[in-house]
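> Please see the structure below; I have some questions.
The values are calculated or read from the model by the stated rules, or taken from the named source; none is laboratory data. What you see is a predicted model; the values in this text were computed from it and never measured. Using ideal geometry, Cβ is built from the backbone for each residue, glycine included, and neighbour counts are taken over all protein chains shown. What goes into the accessible areas is simple: the full protein's heavy atoms, side chains included, and nothing from ligands, DNA or RNA. Shrake-Rupley method; radii C 1.70, N 1.55, O 1.52, S 1.80 Å.
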Amino acid sequence: MSPTKAAAETPRSGIAASEIAPLFSPLKGYRHLAIAVSGGPDSTALMLLAAQWKGKVKFSVLTIDHGLRRESAEEARQVKRWARKLGLPAYILTWQSPTKSAVQARAREARYRLMAQWCAQHEAEGVVTAHTLDDQAETLLMRLARGSGIDGLSAMASETWVHGVKVLRPLLDIPRERLRNFLESRGHGFFSDPSNDNPAFERVRIRKAGRLLASVGLKPEALALTARRLHRARQALERATDELEASAVAPQPEGHAIIDLKRLSKASEEIQLRLIFRLLERVGGTSASPQLSEVERLGQWLLAGGGLSRTLGGCRVQRRSRILIVGRESGRMRCRPITIRPGETLVWDDRFKIRLDQGSGRSLKVLPLGAAKDRRQVKRPKNLPDFVFKTLPALTSKGQVALVPQLGYSRPGASPAVKAEVVPLLASS
């Protein structure tokens, strides 16, 4: 598909040069960020604005060849050419869709996972996306249709974590049409994705309904304002949750969390549930997030005091006399080995960042320790629960465990040059 030129659809202005610095000011403290660019009008405008900004952040452009349309490979190459013309380094990441169902949701998840791996490998501190005021309004309507509470209706945050990567959204207050007008003023092309007009997708149906709602006063600006006000309320609740987490939770280097039950019980039910939900999301790795109703049932189990453990959201929650242990559930983990090469860094199970030392000399495979055939040769520390022990990343060579860095384990007789660093993401999320 050949790129189309942006056309001025309304007399409203594009983005003035004086607006660029305030828009990008939240990014000032970063050294290296990736920009997600699909080639559509919003992300293309974001790329041009970033190139025009006078900040000191190093930007790298990431574009995905998703393979969902015949034109995707050429569009990715064109984005790379546009980026290079702007003086920005650009990289094409490739995804092969394994299924035809839930394509948009799976593609979104795959995009973030690919970008998270790239950021880990290239020491980028996060990904900048081009979500707009209109996206914010559409997200609120989609979540309203599902009966969401404050968190859902506060829609997208300007800064968050998705699948192990920090996501920054500097354009949430900018209407989509202004970005198109900005492209028109620059005479710059972009690509139109036909799926954006396909009513089979929920967001497209919501977008079309939004036009009708706008005719009775429910314009994107009003919906986005509601989302901002709800976000303000959510922030107050999150601050209270932060305070409870700081006093009641001890994140462990093995990737699990220990909760002081006495301190947890002193908090209001809402804050207790928020903290539990937060930990389930972080510790659950690549598993789907639990539903609020499921977390509420878990809270009732805690209150009732019966039973020693429960599983939810890819986690095992184990009660002991004075503490609650939230760890990864080994049975929910993907056990397919992942290759890591010397000098390479990867995000594993959305829970750990693993780097194999450049001087290690050979590639290794990473898999859960519980899936390693010779795991019994690795001694489990007495204070480490067995279910947590089994979910630690093990680096293997020729089918044998070579390293378990978090336990300080190295196979007897293994080359001393083989070294790896494992950093849990629990505390940084």
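> What is the sum of charges, Lys and Arg at +1 and Asp and Glu at -1, for the other residues whose Cβ falls under 15 Å from the Cβ of Ile20? Can you show the working numbers first?
Numbers: positive: Lys28, Lys54, Lys56, Arg178, Arg186; negative: Glu19, Asp173.
Overall, the nearby charge balance is +3.
> Okay, next question. Students often get this wrong, so check it: of Lys80/Lys166; Lys365/Lys390; Lys166/Lys353, which have C-alpha atoms separated by over 18 Å?
Lys80/Lys166
> Which value, in Å², gives the accessible area per residue of the chain when a 1.4 Å probe is used on the protein heavy atoms? Intermediate values should be presented prior to the final figure.
Details: 21570 Å² over 429 residues.
Result: 50 Å² per residue.
> So who's got an amide H within less than 5 Å of the one on Arg316, skipping anything under 5 residues away but keeping other chains? H placed 1.01 Å off N, in plane.
Gly327, Arg328, Glu329
> Oh, and also: For the chain, find the longest principal axis of its Cα atoms and tell me its angle to the long axis of helix 292-304, 0 to 90°, nearest 10.
Rounded to the nearest ten degrees, it is 30.
> Related question: Ignoring any ligand, DNA or RNA, what whole percent of the accessible area of the chain comes from carbon and sulfur when the probe is 1.4 angstrom? Each step should come with its number before you reach the end.
On the way: 10840 of 21570 Å².
Reported share for carbon and sulfur atoms: 50 percent.
> Also: Amide H to amide H under 5 Å from Ile323: which residues, 5+ apart in sequence or cross-chain, H placed 1.01 Å off N in plane?
Leu261
> Show the residues, 5+ positions off or on another chain, whose built amide H is closer than 5 Å to the amide H of Val401.
Close amide H contacts, sequence-distant or interchain: Asp374.
> Let me ask something else. Quick one: if you stick a label point 7 Å off each Cα along the C-beta vector at Glu269 and Val57, how many nm between them?
Label-label distance for Glu269 and Val57, simple model: 4.1 nm.
> Going by a ≥ b ≥ c, the root eigenvalues of the Cα gyration tensor, does the chain fall in the rounded group (a/c under 1.5), the prolate group (a/b larger than b/c) or the oblate group? Don't skip to the answer; put the middle values down first.
Numbers: a/c = 2.13, a/b = 1.37, b/c = 1.55.
Judged from the Cα gyration tensor, the chain comes out oblate (a/c at least 1.5, b/c at or above a/b).
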